[in-house]
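Contents: one structure, followed by commentary.
Any read-out appearing in this document is the output of simple, stated calculations on the displayed coordinates, not a laboratory observation. Note that this is a predicted model, so its numbers are computed, not measured. Because the Cβ atoms are built from the backbone with ideal geometry, glycine has one as well, and the counts that use them run over all protein chains shown.
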Amino acid sequence: MTNQVVRETPFFFLLSGENPELAVYELESILSTLNLPLQLKISPDNRVIEFKCISNLQHNISQKSSFPGIISNIMNKATLTHFCCQLLLQIDYPRHPPTSFSELILAFNSSGIQELTPGKTFSVETRRIGDPEGIFLRKNLSQELSRYIGTQILKKNPTKRVNLEYPDEKFITILSKHGFWFGQFVSHSLRKSVQQRTANRRPFFHPSSMNPLLQRTMVNLAAIKPGEWLLDPFCGTGGALLEAARMGIQSIGVEIDRKIIWGAYQNLKADEITSNSTHLIFGDANQLSFQRGSISAVVTDPPYGTASSTRGVDLQALLINFFRKIRPILSSQARVVIAMPSSINIEDQLAQILNASYRKFLQYVHRSLTRKILVFIVHE
Ligand SMILES: C[S@@+](CC[C@H](N)C(=O)[O-])C[C@H]1O[C@@H](n2cnc3c(N)ncnc32)[C@H](O)[C@@H]1O
C-alpha cells in the first residue's frame, strides 16, 4: 500500500469493553504522539474508533509513518484495544437498530461488497458487542451474517475461496446497536502478551508492583512523543520503566528504598535494558533537581501506605508536597499520570497546584481497592 493510499484509507479499532472511556483516551493519547492530521469518529458506546489520515499536502507523511508502520506502532502500544481493521463498509443506526435480518443486510445489498484481491483465500467472522436487543438477540445471528457476507464476497469475487482455518485474508463484522463495521483484519494489539507478563515473573517482585498492563496503559496516557523522557518519581520495582523501554521510550526512575531500587535494577537487567535508555536514581521524590521545564511526562504509582510505605508521611500531604515540588520542572503541556486510591479526593487541589486540567478514570482492583487514574495536562 502506498503513502497516498494511507491518507485516504479509513481503519477501525475494536476497543476492550472493560473500561471503554479509558480505552478511548488511551488510543487518542497514542494517536496524538504520531503528529499526523487525523480524523477520528468514536461510536456512542466508546467501543469502536474509526480513524483516517486526512489529506494535507503540508504534512509530509514519511516512509516511517506509512502503512503498515502507523498501524503497527499503534498496535504495539495499545493495551485496551483488541484489533484493527481496514474499513470497507460502515452503517450507523441513528434512531433504532434493525429489527429484521433483511433490514440488517440491506447495506450489503445496496452498497455491496467491493472487488477484493483476486485469488486469495478468506474467512468472515462476526462479533456482537454491547447489550443485545432486538435482532441481536437472535440465536446464530453471527453465523448467519458471516455466511451471508461470505456468499456476497464470492459472488463479487469468483476467484476467491473460503478457508476458515488458514485464510490469506480475514474479514470481520462488528455488530452493535449503534451500527456495524465491516473490514479486513490488519492486526491484533499486544494486549494478550502484555497480560501474560505478570510482575511476579520478574527476577525481583514486591507486593506493591503494579500489573504490567495497567502500567503500560499509564505510560500510553502520558502521550510521550519521540525524544521525550518519562519520569517515574516513585518507581518501585521499575514497572513503568520496563514498559516504557519496551515501547522505545527513555525514562528516569527515582526510588527511596535501597532494596527495591536494587530489585528494579535486576528487573531492567533481565530485559537487557541499559542506562542508555533508562536511568535509576536512589533518592527522594521530593528532592528532585531537574532543570526548569525539562520534564514533559510523569507516570507514577505513589505509595498508598498498604503494600508500600509512605515512610510515616500522610499520603495526601506527600502528594501535595510532591506536586508543588515538580511544578517548576514540568514543561507546558506536560502530562502527569498518577494512580491513587479512589477514596482520596484531592484532584482539584492537585490540578490547581499544577495549573492543569485533568481526566479521571476509575479502575477496580479488588474488593478493598478501587484505583483512580488521573491524567493532568499542564497549561502554559
Ligand atoms: C506503589 S510503589 C511503586 C510500584 C511500581 N509502579 C512498580 O510497579 O513496582 C511506590 C514506591 O514508592 C517508594 N517511595 C515511597 N516514598 C518515596 C519517596 N519519598 N521518594 C521516592 N520513592 C518513594 C516506595 O518505596 C515504593 O517502592
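See the values below:
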item: Within region 79-122, tally of residues that are part of a loop (DSSP other than H, G, I, E, B), surrounded by 14 or more Cβ atoms within 10 Å (Cβ to Cβ) and out of contact with any Asp or Glu (no Cβ under 6 Å at 6 or more places or on another chain); result: 7
item: Arg258 being among the basic types (Lys, Arg) and away from the ligand (no atom under 12 Å from the Cβ); result: no
item: Of all residues in region 232-247 being among the charged types (D, E, K, R) and assigned to a helix (DSSP H, G or I), the one that is nearest to the ligand (Cβ to nearest atom); result: Glu243
item: Enumeration of residues in region 291-317 that are under 29 Å from the mean Cα position of the chain (by Cα) and of a type in the set (A, V, I, L, M, F, W, C); result: Ile295, Ala297, Val298, Val299, Ala307, Leu315
item: Test result for Arg191, of a type in the set (Lys, Arg), more than 27 Å from the chain's Cα centre (by Cα) and more than 19 Å from Gln86 (Cα to Cα); result: no
item: Condition check for Pro158: assigned to a loop (DSSP other than H, G, I, E, B) and touching a Phe, Trp or Tyr at 6+ places or on another chain (Cβ under 7 Å); result: no
item: Residues located in region 148-164, provided they are out of contact with any Gly (no Cβ under 9 Å at 6 or more places or on another chain) and more than 13 Å from Ile113 (Cα to Cα); result: Asn163, Leu164
item: Residues of region 248-265 that turn out to be part of a loop (DSSP other than H, G, I, E, B) and buried (at least 17 other Cβ atoms within 10 Å of the Cβ), as a count; result: 3
item: Matching strands (runs of 3 or more DSSP E) fully within region 308-380 where at least 2 residues are buried (at least 16 other Cβ atoms within 10 Å of the Cβ), touching a helix residue (DSSP H, G or I) at 6+ places or on another chain (Cβ under 8 Å) and β-branched (Val, Ile, Thr); result: 330-341, 369-378
item: Residue check, Leu268 part of a helix (DSSP H, G or I), within 27 Å of the chain's Cα centre (by Cα) and free of Cβ contacts under 8 Å to residues at least 40 places away in the same chain; result: yes
item: Every residue from region 171-219 that is among the small types (Gly, Ala, Ser) and within 12 Å of the ligand (Cβ to nearest atom); result: Ala199, Ser208, Ser209
item: Some residue of region 186-193 being under 23 Å from Arg47 (Cα atoms), free of Cβ contacts under 8 Å to residues at least 24 places away in the same chain and outside any loop (DSSP other than H, G, I, E, B); result: yes
